Amino acid sequence: MSSTCAFPPGFIIKGKYFTMEKWGDNVTRKVCVIGVGHTDFNSMTPDVGWKEFMYEACQKAYVDAGIDPRKDVDSFITCAEDYYEGFSIFDEFVPDQIGAALRPCCTVCGDGLHGLGNAYMQIKTGLLDVVAVEAHSKVSDLLTFGEIVLFAFDPIFERPIVGPVERPNYAGSPSYTKKSPKPLIGSSKEKERIHPYFLAGLEMQHYLRKTGTTEEQCAKVVVKNKKNAFHNPYSDYEARITLEDVMSSEYLFKPVKTLDISPNVDGAIAFVLASEEKAKEFGIEPIYLSGFGYCSETPWLSTRGMDAGYATIAANMAYKMAGIKKPRNEIHIAEVDDRFSYKELQHLEAIGLARCGEAAELLEEGELEVKGSLPTNTSGGSLGVGNCLEATGLQKALEIVTQLRGHAGKRQVKDADVGIAQSWRGIPTGSGAVAIFNRGGR
């Protein structure tokens, strides 16, 4: 008896007849971005809900792509974490506002770049031609953000060490007095009050000692990104600050200071991806998604390192897919996760755009500025735009697409043809993704 698996000669999906030979042809199918949309980003948005955010971002993306979601979009993806949304099975509440009623729709419990990766794979199958992806943040509705973050810690070995939780008083949070102290999250008789961001302090200490980078150099990341945000119309935390301002801000989780932390923000972003054939049919000049990679390390802190290995693995996967051999020479612009100032430098090194300890040198030499050799976080990054939770990865991708389209205005990078977006799901995860975009579909 032959051990060869027998496949049917053909099958029909969505009215299309597929053979196994045709199925194999999809490996070379190109995927591109044909539309993007977003809301403004604001620290407090009491006048609108998450449904309005999602609707606005998606409508703008559909208009940008020149399509009708009820006719042209084959599949819809939203990126959301039930804990952040405040209720379970969030995907039940998704279809209406994104145009997906009675249509294929799913939720990715991950960052926006993970959503793009899922859309990429759906289109590569050849079964779908156009996929919409949405991610958002309505973090201002969360009164117990720190408590939510604690649920990602191991409940037996890690969560107890943080004790009761006190909200850090970083940019965008209200000020407190002795008569009205910072509110605790949860209850405890212990006197220690430690927010789960203590882990960033430990990781930053490790990074500084390993690479020889200084606190002052990390502070310069803050100065740069908040300055860049002035030229980004949707950013919320632009500021003209000095190195001294950052260094004199309060230590919260030493060596992490108040201004080293990205403040939370509300907003939504939507992308429309399509096959190259569909983009041509719509008459759109596409931006190609040429490479994608992802990694989720072990959730246990004691069994993983503090060197952003998730970013290295994801980047290597994306480079291989995009055919990039020498990232430092071939990447023209980068958007990397900077929810803590040191993270920008760490991530640049982890994805191979700088050697270990070199990122700070590039910063000092001005190479990470808009007019430098490796423009990084020209949007202002999370430090300038804000931490938009699961939409953070799409915010990075949005800036890369805007730059490659030549629509970035005063922050436009000259002759940018290839860009990289890198995301991280935040404390305490070791989960991240990398996407590479280019013009011309090389």
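The values are calculated or read from the model by the stated rules, or taken from the named source; none is laboratory data. It should be emphasised that the depicted structure is a prediction, and the values quoted were computed from it without experimental measurement. When we count neighbours, we look across all protein chains shown, and the Cβ atoms used for this are built from the backbone with ideal geometry, even at glycine.
General remarks:
Table: residues versus (1) at pLDDT 95 or above; (2) in a helix (DSSP H, G or I); (3) hydroxyl-bearing (Ser, Thr, Tyr); (4) over 22 Å from Lys226 (Cβ atoms).
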{"position": "Phe292", "(1), (2), (3), (4)": "yes, no, no, yes"}
{"position": "Thr298", "(1), (2), (3), (4)": "no, no, yes, yes"}
{"position": "Tyr310", "(1), (2), (3), (4)": "yes, yes, yes, yes"}
{"position": "Asn316", "(1), (2), (3), (4)": "yes, yes, no, yes"}
{"position": "Lys320", "(1), (2), (3), (4)": "yes, yes, no, yes"}
{"position": "Leu353", "(1), (2), (3), (4)": "yes, no, no, no"}
{"position": "Leu374", "(1), (2), (3), (4)": "yes, no, no, no"}
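- The number of residues in the stretch 298-313 that are in contact (Cβ under 8 Å) with a residue 40 or more places away in the chain and in contact with a strand residue (DSSP E or B) (Cβ under 7 Å, 6 or more places away or on another chain) comes to 2.
- When Leu113 is tested against the conditions (1) of a type outside the set (D, E, K, R); (2) within 30 Å of Val149 (Cα to Cα); (3) surrounded by fewer than 24 Cβ atoms within 10 Å (Cβ to Cβ); (4) at pLDDT 95 or above, the lone failure is (3).
- Verdict on Met306 being assigned to a helix (DSSP H, G or I) and more than 16 Å from Gly419 (Cβ to Cβ): no
- Residue pairs meeting the criteria (Cβ under 8 Å; at least 6 apart or on separate chains; first assigned to a helix (DSSP H, G or I), in the stretch 43-64; second of a type in the set (Lys, Arg)): Trp50/Lys138; Phe53/Lys138
Every residue, every condition in (1) modelled with pLDDT of 95 or more; (2) under 25 Å from Val94 (Cβ atoms); (3) acidic (Asp, Glu); (4) assigned to a loop (DSSP other than H, G, I, E, B), yes or no:
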{"position": "Asn118", "(1), (2), (3), (4)": "yes, yes, no, no"}
{"position": "Met121", "(1), (2), (3), (4)": "yes, yes, no, no"}
{"position": "Leu127", "(1), (2), (3), (4)": "no, yes, no, yes"}
{"position": "Val133", "(1), (2), (3), (4)": "yes, yes, no, no"}
{"position": "Ser140", "(1), (2), (3), (4)": "no, yes, no, no"}
{"position": "Ala152", "(1), (2), (3), (4)": "no, yes, no, yes"}
{"position": "Ile156", "(1), (2), (3), (4)": "no, no, no, yes"}
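- Residue list for the stretch 396-442, restricted to those being in contact with a Leu (Cβ under 7 Å, 6 or more places away or on another chain) and basic (Lys, Arg): Arg439
- Test result for Ile194, over 23 Å from Asp82 (Cα atoms) and modelled with pLDDT under 90: yes
- In the stretch 39-98, of all residues being in contact with a Ser or Thr (Cβ under 6 Å, 6 or more places away or on another chain) and closer than 20 Å to Leu128 by Cβ, the one that is modelled with the highest pLDDT corresponds to Thr78.
- Looking across the stretch 318-338, the residues that are of a type outside the set (A, V, I, L, M, F, W, C), crowded, with 18+ Cβ neighbours inside 10 Å and in contact with a Leu (Cβ under 8 Å, 6 or more places away or on another chain) come down to Pro327, Asp338.
- Among (1) in contact with an Asp or Glu (Cβ under 9 Å, 6 or more places away or on another chain); (2) of a type in the set (A, V, I, L, M); (3) more than 18 Å from His114 (Cβ to Cβ) - the single one Leu394 does not satisfy: (3)
- Applying the condition of being among the hydroxyl-bearing types (Ser, Thr, Tyr) and assigned to a strand (DSSP E or B) to the stretch 402-442 and asking which residue is surrounded by the fewest Cβ atoms within 10 Å (Cβ to Cβ) yields Ser431.
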